[in-house]
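Enquirer: Got a structure here, written out as structure tokens. Questions coming.
Each reported figure results from applying straightforward, stated rules to the coordinates on display, with no laboratory input. Here the structure is a predicted model, which means the values were calculated and not measured. Every residue, glycine among them, receives a Cβ derived from its backbone with ideal geometry; neighbour counts consider all protein chains shown.
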Ligand code: GDP
């Protein structure tokens, strides 16, 4: 059985949650490997509709071990609330584990996220203000606290004393706000530690065991490739790598262990927050897609910017991740449009280019070059076989496949598990 990574191929919100929920049926382990509770998956399954922020989407299968990997930053309060909410709705979380190496989001991270965004004014990044960026910055600066450290209260007190002294200087002297109390933060985090202790483990050995038994492991991506701090639209990016490569580091597996990498693409594009998006539609077609698809953030409720499928970005995403296949989601949404456009190149300063520029200022100046295809204009959510899709829908899928240089294995035509067309096997 392989390790399969499921990766957001655009700017996130592609429907990874549905794809993981679908494939997890055959899995032994699902590992979330990056981001924090700024990401959110909506999963619709026989138990209802669930909004998950930290817990992997495999949680609905009792046989699946779900791991929050070392590459995730964890707000313990959010995690505890998520566990409680799932339990209240009858979902068992006894097979949930958290890597002891995962870094914590501390109260100063959340505070500083908001203060820094305010200071940026008109140049704000549009972060979710949940402390994710500051927590990853502290991880890189060796000022982070790992969740495993909550289990040693004495050592925790010393480390927190040292870090909080430094953070309080920033809070009071730079931002002019009140300092945080060591006692309050310490006792709060000790309580979180007691509550989460049963879940905290060394988790890489759990992956090793699954691989030794030839069991399926899924690496569950969060956000999307174009938000990667190296390859996305920097600085309008997230702060941990949502790429397949990030999956190795964030879960604790070697690259050779991964045998399939599935890119999840929406049939059009969306983006939340600031930063360039060459195919954005600021007209009634964009509004129509947003309303028809309910394109509002799972975590923040913010309206998502909507636009045509960007195949230049798509092909870049395939290359940077090494996709072996793709899932195309939300094809049903396009069923009302008489004409569809796909961006096949950019016009940059009078020249035609077919690559995704690394420089955000260049990308801002890129004008999309479109290819037009006729729309199918009929509902398709009830269709389960590829050959039963309207020919015009098949032509759209085939053209995307060609442009992104990657076979499309699976097509999603609705939020529910069964609203899926298995075009070709993934495993
Ligand atoms: P994720 O973070 O990548 O999992 O994406 P989100 O959860 O933010 O957004 C995906 C949304 O689309 C969820 O509300 C899903 O239930 C829904 N969804 C997934 N696939 C499809 C589809 O093919 N058609 C429609 N209409 N909705 C879908």
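Enquirer: List the equivalent ellipsoid semi-axes of the chain in whole Å, largest first, each obtained as the square root of 5λ for an eigenvalue λ of the Cα gyration tensor. Present the calculation step by step, with values, prior to reporting the outcome.
Expert: Values: eigenvalues 263, 137, 67 Å².
The answer is 36, 26, 18 Å, longest axis first.
Enquirer: With angles folded into 0 to 90 degrees, how steeply does helix 107-120 sit against the dominant principal axis of the chain? Use alpha carbons for both and round to 10.
Expert: 50 degrees
Enquirer: Starting with the fewest neighbours, write out 412, 239, 259 ranked by other beta-carbon atoms found within 10 Å of each beta-carbon.
Expert: Working: 412 25, 239 22, 259 12.
Placing the least packed residue first, the sequence is 259, 239, 412.
Enquirer: Using only the alpha-carbon atoms, how far is helix 182-196 inclined from the longest principal axis of the chain? Give it as 0 to 90 degrees, nearest 10.
Expert: So the helix axis and the longest Cα principal axis differ by about 60 degrees.
Enquirer: Of 305, 32, how do they rank once you tally other Cβ atoms within 10 Å and put the fewest first? Please list the in-between numbers first.
Expert: Values: 305 21, 32 33.
The fewest-first ordering by Cβ neighbours comes to 305, 32.
Enquirer: Over segment 103-196, what is the mean sequence separation of C-alpha contacts under 8 Å (at least six apart), divided by residue count, expressed as relative contact order in percent? Kindly include the intermediate steps, with their values, before the conclusion.
Expert: Working: 82 pairs, mean separation 25.0, N = 94.
After rounding, I find 27 percent.
Enquirer: In whole Å, what is the distance between the alpha-carbon centres of segment 95-113 and segment 70-89?
Expert: Going from one Cα centre to the other spans 11 Å.
Enquirer: Need one number: nm distance between label points at residue 354 and residue 119, each 7 Å from Cα along Cα→Cβ, rounded to one decimal.
Expert: Label-label distance for residue 354 and residue 119, simple model: 4.5 nm.
Enquirer: Another question, then. Which of rounded, prolate or oblate describes segment 153-285 when judged by the alpha-carbon gyration tensor and an a/c cut-off of 1.5? Each step should come with its number before you reach the end.
Expert: Values: a/c = 2.74, a/b = 1.21, b/c = 2.27.
Oblate is the answer for segment 153-285, as a/c is 1.5 or above yet b/c matches or exceeds a/b.
Enquirer: I would also like to ask the following. Kindly identify segment 233-279 as rounded, prolate or oblate by the Cα gyration tensor criterion: order the square roots of the eigenvalues as a ≥ b ≥ c, call it rounded if a/c is under 1.5, otherwise compare a/b with b/c, prolate if a/b is larger, else oblate.
Expert: Oblate is the answer for segment 233-279, as a/c is 1.5 or above yet b/c matches or exceeds a/b.
Enquirer: Which of the peptides 375-382, 338-345, 325-332 is most tightly packed, and how do the rest follow, judged by the mean count of other Cβ atoms within 10 Å per residue?
Expert: Numbers: 375-382: 15.2, 338-345: 17.5, 325-332: 24.6.
In decreasing order of mean packing, 375-382, 338-345, 325-332 become 325-332, 338-345, 375-382.
Enquirer: Report, in whole Å, the centroid distance computed from the Cα atoms of segment 9-62 and segment 358-389.
Expert: 24 Å
Enquirer: Let me ask something else about it. How far apart, in nm, are two points set 7 Å out from the Cα along the Cα-to-Cβ line at residue 44 and at residue 63?
Expert: Distance between label points: 2.7 nm.
Enquirer: Also: Sequence gap at least 6, Cα distance under 8 Å: using those rules, report the relative contact order of segment 319-376 to the nearest whole percent. Provide the component values of the computation, followed by the final result.
Expert: Values: 64 pairs, mean separation 24.2, N = 58.
Value for segment 319-376: 42 percent.
Enquirer: If you take all C-alpha pairs in segment 171-245, what percent of them are over 19 Å apart? Don't skip to the end; give the middle numbers.
Expert: Working: 1912 of 2775 pairs.
Value for segment 171-245: 69 percent of Cα pairs lie more than 19 Å apart.
Enquirer: Follow-up. Measure off 7 Å from each Cα along the Cα-to-Cβ vector at residue 283 and residue 153, then give the distance between these two points in nanometres to one decimal.
Expert: Between residue 283 and residue 153, the label points sit 6.4 nm apart.
Enquirer: For the chain, what is the relative contact order in percent, using Cα pairs closer than 8 Å and at least 6 residues apart in sequence? Could the numbers behind the result be given before it?
Expert: Numbers: 956 pairs, mean separation 84.3, N = 427.
Computed over the chain, the figure is 20 percent.
Enquirer: Can you tell me how much longer the chain between residue 186 and residue 162 gets when fully stretched, taken as 0.36 nm per residue apart minus their C-alpha distance, in nm with one decimal? Numbers along the way, then the final one.
Expert: Details: separation 24, 0.36 × 24 = 8.64 nm, distance 1.22 nm.
That works out to 7.4 nm of additional length.
Enquirer: Could I ask something else about it? Could you tell me which of rounded, prolate or oblate describes segment 317-381, using a ≥ b ≥ c as the square roots of the eigenvalues of the alpha-carbon gyration tensor, with rounded for a/c under 1.5 and, failing that, prolate when a/b is larger than b/c and oblate otherwise?
Expert: Values: a/c = 3.01, a/b = 1.51, b/c = 1.99.
Oblate is the answer for segment 317-381, as a/c is 1.5 or above yet b/c matches or exceeds a/b.
Enquirer: With everything on Cα atoms, drop me the angle between helix 391-404 and the longest principal axis of the chain, reported from 0 to 90° to the nearest 10.
Expert: 60 degrees
Enquirer: While we're on this one: Starting from one equal scatterer on each C-alpha and no solvent at all, send me the Debye-based log10 I(q)/I(0) for segment 103-196 at q = 0.11 Å⁻¹, two decimals.
Expert: Each listed q corresponds, in turn, to -0.32.
Enquirer: Follow-up. Take the alpha-carbon positions of segment 266-422, form their convex hull, and give its projected area averaged over all directions (one quarter of the hull surface) in nm². If you can, show how the numbers build up before the last one.
Expert: Details: hull surface 37.6 nm².
Mean shadow area of the hull around the Cα atoms is 9.4 nm².
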